[in-house]
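**Q** Below is one structure. I have some questions about it.
The values are calculated or read from the model by the stated rules, or taken from the named source; none is laboratory data. Fair warning: this is a prediction, and the values are worked out from it, not measured in the lab. Virtual Cβ from ideal backbone geometry, glycine too; neighbours counted across all protein chains shown. Heavy atoms of the whole protein, side chains included, go into the accessibility calculation; ligands, DNA and RNA do not. Shrake-Rupley method; radii C 1.70, N 1.55, O 1.52, S 1.80 Å.
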Amino acid sequence: MKITVFRYNPQKDNEPRYEDYVIREYEKHMKIIDALNYVNSEYGANIAFRSSCRAGQCGSCALRANKKPVLACRTDVEDGILLEPLRNFPVIKDLAVATQMSYPRIRALRPFIHRGTKKSDTLEPMLLRDLKRISKLKDCIECYSCMSVCPVFTNTKEFAGPLLFRILARFHHDVRDNLGRLTIAVEEGLYLCTSCGACLVACPEGIDTNKEIEKMQTLVYESSKTKN
Amino acid sequence: METVDDVYQTDVLIIGGGGAGARAAIEAKKHNVDVLVVVKGLFGRSGCTVMAEGGYNAAFGFIDKEDNEQYHFEDTVNGGRYLNNQKLVEILVGQAKIRIIDLERFGGAFDRITPDKLSQRYFGGQRFRRTVHKGDRTGHEIMFALREEVTRQNVDVLEEVAITSLLTSEGRVVGATGLDLIHGRFLLFRAKAFIIATGGAGRIYSITTNPFQKSGDGYAMAFKVGAELVDMEMVQFHPTGMVFPSSSKGLLVTEAVRGEGGKLYNSLGERFMARYDAEKMELSTRDIVTRSIFSEIQEGRASEHGGVYLDISHLPDETIKQKLGTMLKQFLDVGIDIRRQPMEVSPTAHHFMGGIRVNEVCRSSISNLFACGEVSGGVHGANRLGGNSLAETQVFGSIAGEYAAKEARKLPYGDINYAVLDEEHDRLYRFEEGEGVLPYELKARLQTTMWQNVGIIRTEKSLKEAIAEIKEIKNEIYSIKVESGLRYNLELLAAVDLENMLLVAEIITRAALMRKESRGAHFRKDYPREDRRWLKNIILSKINDGIEIYTEAPLITKMKP
């Protein structure tokens, strides 16, 4: 079996290149990270890639396989597979990209619960219904796959990207939060979303950020109507 | 000095960004000091907390009203076979509840049975339903909440920097060196107080639940500057890890499967736990379930791929999806539908009960060096109960944060010995000059010998073999070859990790060799019984270039064996 890997060290190389490697010990359900580890220990290829949990829980290892973002630890390797880094972020080296670029903008969303200063030593009651509203949105493992495929984010940074709208939706739906998340959403380009649904397709957790954005758009529209 | 690419200065330096490190940061920050968290991988995503599935023990008694802190204490010490530091256990059970309420205040939300009552499930070795959870992604929920609070408190976090050593002066820690993977820099950190929260060392074994980063860095760096380690022979092998394909080997199959009613069978279709612990069956303590599964496999009653069967298919599909969604997905990925078919499982290296020896305020034997979470030792004794580790990260993370901040407020910065700094720089760069083997090859050899010789079943002979092999690998370190450059250089990182792993492996093996009895997770085939004379903790510290090893009686407050 052969795999093709994007190679680029911005400190040393003028431009990226692609290299082929042969996997001699293939086993059914071998995952992409196993293939990369194999190549590194067998050939001393020293391909840089990020990984931690190898169980689809940490979101560290997202990359593009045959142009589609996937978690390298949960995706079977196949013959002729093309492995490239996620798009829309600078390459640190090979398959590792600087997703850290997004942190300042995420911090600016004030991604924590805002409420009165009430400090309680007892468990705060929560309706099961309210728990359910945020549960799915908190499944996000922040793999940045959605940020790699979003055509609007690719074209204009006026749109904050699906991950950031997922964060806003998570707080918008939390009954404990009282900061006006919709206003922030508008400032971050809420209306630029074209509802193409690519973020949902790319999400390994099946989170429908697209739908959340549409819900927020509707709410903003309706509240502007009542104001007028 | 010219060897350093950049210098960071802070009051409290926290090494590790999992559950314990993040909780420590939040608490330290409240005490009006500068805090910097340095993480080897991504913050909150390269440790074990985010992978923790089953839950967090807190004796609320929401479901079983009889439950209380005293029972939690007793179950923990009984599970730990009386090696626990009982003062630490008192703190754990006393503060576990308030710390999970903190997590909800930070933004977490755990499963409930009614709006004001959290859901609690059965876990091994516990008399009551005590384990609070969020489906089978409890750690993910905890980490989410902690990261939101860390952002609120505006704590500085530096990702993808591997701390390679601590620097000391006049008996205290004054700095740390780090390898910045993103920018390819060699960094110096100066601080007044230090917290190690680097987690365990699962990666010294070939089969483990742990993420790639868990090479025991914290044990190694603390030991090297003279801190005492305790109970290092106590390595927990989780009973249920995935068996196949080989790429998934060792991945955790949560105890929640058994907590929710999962049953274990051998190839003859027998519920074999009846022979090992007829009363608690599948929910016996982890050490016992692990050895039971191991015996079934050794005695020829293994499943198709060499494990045993774990079956949950009798539960309704919806329940499995809701309570064990991660497991459902994890097995579907490899072609097994756990709603219809049994899983195949076998033991996997999971948790280190031992670690940096700390007192009630998480202080190590060095006054301004603190430790919390898995890297610290003492609270779990010889065997940890499932669900006590997440609680430990929050309870002791909070304490370490508070006391490190207080310590930092009293101290000035210490002087950096630049000669030592240069030595460390040269240590990292020396690999480049070598010629020969890749670090992965030596790593794999170490992992194999540790699994075979210092694993679930140990003997004097196997342990001595391990010592010899470790020595041999150590000698070969000098023949390691790595590509030049610091930026995201996984070969270099593997070489640096390997040195830590070798030291930790040797420490574990030496302690295991000394303990001539079987207790908790430590099983000696040549001394298969628990021996009252061994009701002692083994303590290890550095002496010159060797290991000093001695015993002390465990700290008992309430419960005598």
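**Q** How crowded by other chains is B:248-256, given as the mean number of beta carbons from other chains within 10 Å of each beta carbon?
**A** Across B:248-256, the average partner-chain Cβ count within 10 Å equals 2.
**Q** For segment A:2-97, what does the alpha-carbon gyration tensor say about shape, rounded, prolate or oblate, given a ≥ b ≥ c as the root eigenvalues, a/c under 1.5 as rounded, and a/b over b/c as prolate?
**A** Working: a/c = 1.64, a/b = 1.20, b/c = 1.37.
Cα axes put segment A:2-97 in the oblate bin.
**Q** Separate question: Sequence-distant or interchain residues sharing an amide H contact under 5 Å with B:I163, placed H: which?
**A** When sequence neighbours closer than 5 places are left aside, the close amide H contacts are B:L179.
**Q** Inside 10 Å of the C-beta atoms of A:4-10, what's the mean count of C-beta atoms belonging to other chains?
**A** Shielding by partners across A:4-10 averages 1.
**Q** Whole-Hz ³J(HN,Hα) for each residue in segment B:180-188, computed from phi via Karplus 6.51 cos²θ - 1.76 cosθ + 1.60 with θ = phi - 60°, x for glycine and proline: what do you get?
**A** Along segment B:180-188, the couplings run 8, 6, 5, 9, x, 10, 9, 10, 10 Hz.
**Q** Then there is this: Structure shown: which of B:K40/B:K481; B:K30/B:K410; B:K516/B:K536; A:K31/B:K329; A:K138/A:K211 lie over 19 Å apart, alpha-carbon to alpha-carbon?
**A** B:K40/B:K481, as the Cα separations exceed 19 Å there.
**Q** Here is a further query. For segment B:1-107, which trypsin sites (Lys or Arg not before Pro) pass both filters: DSSP loop (anything but H, G, I, E, B) and at most 16 other C-beta atoms within 10 Å?
**A** B:K65
**Q** List the trypsin sites (Lys or Arg not before Pro) within segment B:457-561 that fall in a DSSP loop (any state other than H, G, I, E or B) and whose Cβ has at most 13 other Cβ atoms within 10 Å.
**A** Numbers: sites: B:R458, B:K461, B:K464, B:K471, B:K474, B:K481, B:R487, B:R510, B:R515, B:K516, B:R519, B:R524, B:K525, B:R529, B:R532, B:R533, B:K536, B:K542, B:K558; in loops: B:K481, B:R487, B:R515, B:K516, B:K525, B:R529, B:K536, B:K558.
Taking segment B:457-561 and a limit of 13 other Cβ atoms within 10 Å, the loop trypsin sites (Lys or Arg not before Pro) found are B:K516, B:K525, B:R529, B:K558.
**Q** Residues of segment B:104-175: accessible area per residue at 1.4 Å, in Å²?
**A** Ligands and nucleic acids excluded, the result is 28 Å² per residue.
**Q** Near the amide H of B:V174, under 5 Å away, which other amide H atoms are found, from residues 5 or more places off or on another chain, if H is placed in the peptide plane?
**A** B:L167, B:T168, B:S169
**Q** Which residues of segment B:330-373 end up with at least 20 Å² less accessible area in the presence of all protein chains than when their chain stands alone, using a 1.4 Å probe?
**A** B:D333, B:V334
**Q** Given a 1.4 Å probe and no ligands, DNA or RNA in the count, how much accessible surface is buried by A and B, both sides, to the nearest 100 Å²?
**A** 5400
**Q** For chain B, divide the Cα radius of gyration by the Kirkwood radius and give the resulting Rg/Rh value with two decimals.
**A** Here Rg/Rh amounts to 0.95.
**Q** Tilt of helix B:439-453 relative to the longest C-alpha principal axis of chain B, in degrees (0 to 90, nearest 10)?
**A** Once rounded, the angle reads 40 degrees.
**Q** Where in chain B is the longest stretch that carries no GluC sites (Glu not before Pro) classed as loop by DSSP and with at most 12 other Cβ atoms within 10 Å?
**A** B:305-434
**Q** Need the per-residue list for segment B:123-146: every residue with at least 40 Å² less accessible surface in the complex of protein chains than in the chain by itself, probe 1.4 Å, sorted by number.
**A** Checking the loss per residue gives B:K134, B:R137, B:H140, B:F144.
**Q** With a 1.4 Å probe on protein heavy atoms only, tell me which residues of segment B:147-171 lose at least 10 Å² of accessible surface in the complex relative to the chain by itself.
**A** Flagged in segment B:147-171: B:R147, B:E148, B:T151, B:R152, B:N154, B:E159, B:E160.
**Q** List the chymotrypsin sites (Phe, Trp or Tyr not before Pro) in segment A:10-114 that DSSP assigns to loop (not H, G, I, E or B) and whose Cβ has at most 15 other Cβ atoms within 10 Å. Which are they?
**A** Qualifying residues, ordered by number: A:Y26.
**Q** Whole angstrom only: what separates the Cα centroid of segment B:183-204 from the Cα centroid of segment B:28-56?
**A** That distance is 12 Å.
**Q** Which of the peptides B:411-419, A:153-161, B:188-196 is most tightly packed, and how do the rest follow, judged by the mean count of other Cβ atoms within 10 Å per residue?
**A** Top of the packing list down: B:188-196, A:153-161, B:411-419.
**Q** Calculate the mean, over all residues of peptide A:168-174, of how many other protein chain Cβ atoms lie within 10 angstrom of the residue's Cβ.
**A** 1
**Q** Let me ask you something else. Just to confirm, what accessible area per residue do you get for segment A:2-97 at 1.4 Å probe, in whole Å²?
**A** 39
**Q** In addition: Could you work out the helix-only [θ] at 222 nm for chain B, with each DSSP H run of four or more residues adding -39,500 (n - 2.57) and the total divided by the number of residues, to the nearest 500 deg cm²/dmol?
**A** -11500 deg cm²/dmol
**Q** So what are the ³J(HN,Hα) numbers for segment B:267-273, from phi and the Karplus equation (6.51, -1.76, 1.60; θ = phi - 60°), rounded to whole Hz, Gly and Pro as x?
**A** 5, 8, x, 8, 7, 5, 4
**Q** I've got another one for you. Angle between the Cα long axis of helix A:32-43 and the longest principal axis of chain A, 0 to 90 degrees, nearest 10?
**A** For A:32-43 against chain A, the angle is about 30 degrees.
**Q** Still on this structure, please answer the following. Roughly to the nearest percent, how much of the accessible area of chain B is carbon and sulfur, given a 1.4 Å probe?
**A** Answer for chain B is 47 percent, counting heavy atoms of protein chains only.
**Q** Leaving out ligands, DNA and RNA, and with a 1.4 Å probe, what % of the accessible surface on segment A:2-97 is carbon or sulfur?
**A** 43
**Q** Which ³J(HN,Hα) values in Hz, rounded to whole numbers, follow from the phi angles of segment B:311-318 under the Karplus curve 6.51 cos²θ - 1.76 cosθ + 1.60, where θ = phi - 60° and Gly and Pro get x?
**A** 10, 10, 5, 6, 6, x, 3, 5
**Q** Tell me the label-point distance for the pair A:E124, B:E483, using the 7 Å Cα-to-Cβ offset, in nm and rounded to one decimal.
**A** In this crude spin-label approximation the distance works out to 4.8 nm.
**Q** Also, I was wondering about something else. Starting from the Cα gyration tensor of the protein assembly as shown, take the square roots of the eigenvalues, sort them a ≥ b ≥ c, and report rounded, prolate or oblate (rounded when a/c is under 1.5, otherwise prolate if a/b is larger than b/c, else oblate).
**A** Cα axes put the protein assembly as shown in the rounded bin.
**Q** So what's the angle, to the nearest 10 degrees on a 0 to 90 scale, between helix B:460-476 and the longest Cα principal axis of chain B?
**A** 40
**Q** Rank A:R166, A:R50, A:R129 by mean-square fluctuation in a GNM of chain A with C-alpha springs under 10 angstrom and give only the top-ranked residue.
**A** Highest fluctuation of the listed residues: A:R129.
**Q** Which shape class applies to segment B:240-347: rounded if a/c is under 1.5, otherwise prolate when a/b exceeds b/c and oblate if not, where a ≥ b ≥ c are the square roots of the Cα gyration tensor eigenvalues?
**A** Oblate, since a/c reaches 1.5 and b/c is not below a/b.
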